[in-house]
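Comments concern the structure below.
The values are calculated or read from the model by the stated rules, or taken from the named source; none is laboratory data. Since the model is a prediction, treat every value here as computed from it, not as a measurement. Reconstructed Cβ throughout: ideal geometry from the backbone, glycine too, with neighbour counts over all protein chains shown.
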Amino acid sequence: MTAAATVSIIAEVTGLGESLVFAEKFSVSTTPIKAVLNRQIQTTTNVAEALNLCGISTVELVIIKATANDLIIDTDCANNAAFTQDQSIAEGECRILKPDGTDGIFIKNEDGTEVVTVDYLIVGSA
């Protein structure tokens, strides 16, 4: 018999005098046992790079905010050469993502002359 779970996550993102609340409900095949809050600054302009999964092997949910500069995301990307935009986030905005691909999550700046900074909460199992 396989295990199944329904997960409800409520995240509150605060900063710069602003408070945003996100609620997400979804079904997962494994029980999420790890949640990590992280900040990542793109290393090189106009080059896609893998989002640091912080030791999480099965990603169930990502709440991501483009803290500095506009962001584009590929939620099922094998490497930076294979990057294909499937999400766009303007500076200061947030998105809730539930990746369904088998490859990694890659980020890239929308303007080729800038680097992007993202703050994110990643939930899944190790």
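At-a-glance table
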quantity	calculated
Number of positions in the stretch 82-112 that are modelled with pLDDT under 90 and either under 16 Å from Ile56 (Cβ atoms) or β-branched (Val, Ile, Thr) (or both)	8
Scope the stretch 76-99; condition touching a Lys or Arg at 6+ places or on another chain (Cβ under 9 Å) and β-branched (Val, Ile, Thr); matching residues	Ile89
Every pair of residues 6+ apart whose Cβ atoms lie under 9 Å, when the first sits in the stretch 104-117 and is among the basic types (Lys, Arg) while the second is outside any loop (DSSP other than H, G, I, E, B)	Lys108/Glu49; Lys108/Leu71; Lys108/Ile72; Lys108/Ile73; Lys108/Asp74; Lys108/Asn80
Selection within the stretch 73-97 - closer than 18 Å to Asn38 by Cα and either touching an Asp or Glu at 6+ places or on another chain (Cβ under 7 Å) or free of Cβ contacts under 8 Å to residues at least 40 places away in the same chain (or both)	Ile73, Thr75, Ile89, Glu91, Gly92, Glu93, Arg95, Ile96, Leu97
